[in-house]
Amino acid sequence: MKQTVPSFSASCLFISLLLAITLSCISPAQSIGQDVLNDICSKSKDSSFCLKSLNSDPQTATTDLLGLAGISIKLAKTTVDATYEFVKSQVGLVTDPTLKKQYTQCEESYDDANDKVDYANERLKAGDYGGVGAATSACLDDVSDCEDPPPVGVNVAAASTISLSEQNKESYELCQIALIISNRLSGKN
């Protein structure tokens with residue numbers, strides 16, 4: 001009696017090996033190098049901030065482009081959350097009606113930005129890199145809505161103004177980094 005099991009197993013092994021080789025050739029799951037990080041960050045507003053931010057996560061050194069997108073979204077989420085909380089706290093502290101209105105508008109903008117970063121993360125998990133790009137681009141718009149300085153003549157504690165300005169800049173740059181990476185994932189470089 002002939003045994004066909006060994007040839008069936010050999011065929012399955014060959015097909016599995018061929019599939020694994022094919023997938024490894026077309027998959028973006030290759031660790032990025034410093035040259036890729038430099039290229040990504042050269043497209044940002046502040047390349048040294050970009051490199052410092054991405055390299056602050058120890059996984060950056062061993063991750064692929066998809067993982068880097070996740071890292072950038074996580075960094076953006078952390079900063080957007082912190083800025084939202086700061087702005088929200090300022091709304092309760094200021095008494096000047098003009099400044100209160102500005103902080104209230106910033107609070108709404110950052111609430112929207114938070115939603116956009118969450119949506120970008122959902123789209124990333126779904127493999128919708130165009131959706132990630134749209135969400136991070138919308139996040140940039142929301143953050144930009146909060147860039148206006150306090151109106152002239154309004155007495156504001158310098159520390160809170162500087163802090164908002166710095167946090168807003170950081171939020172903008174981290175959303176921009178996530179957009180640049182999502183564009184690269186989409187093939188838009």
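What the table shows:
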item	result
Filtered GluC sites (Glu not before Pro), region 61-150: DSSP coil and at most 13 other beta carbons within 10 Å	Glu147
Full-stretch length increase - Asp96, Ser47 - with 0.36 nm per residue and alpha-carbon distance subtracted	13.9 nm
Vicinal HN-Hα couplings computed from phi for region 126-132 (Karplus, 6.51 cos²θ - 1.76 cosθ + 1.60; Hz; Gly/Pro x)	8, x, 9, 6, x, x, 4
In region 24-114, trypsin sites (Lys or Arg not before Pro) in a DSSP loop with at most 15 other beta-carbon atoms within 10 Å	Lys45
Rounded to the nearest 10 Å², the accessible area of Val91 at probe 1.4 Å	20 Å²
Neighbour-limited loop hits for chymotrypsin sites (Phe, Trp or Tyr not before Pro), region 29-127 (at most 13 other Cβ within 10 Å; DSSP other than H, G, I, E, B)	none
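The values are calculated or read from the model by the stated rules, or taken from the named source; none is laboratory data. The structure displayed is predicted, hence computed values, not measured ones. Quick reminder, even Gly has a Cβ in these numbers, built from the backbone with ideal geometry, and neighbours come from all protein chains shown. Accessible surface is based on the protein model in full, side chains and every heavy atom, while ligands, DNA and RNA are left aside. Shrake-Rupley method; radii C 1.70, N 1.55, O 1.52, S 1.80 Å.
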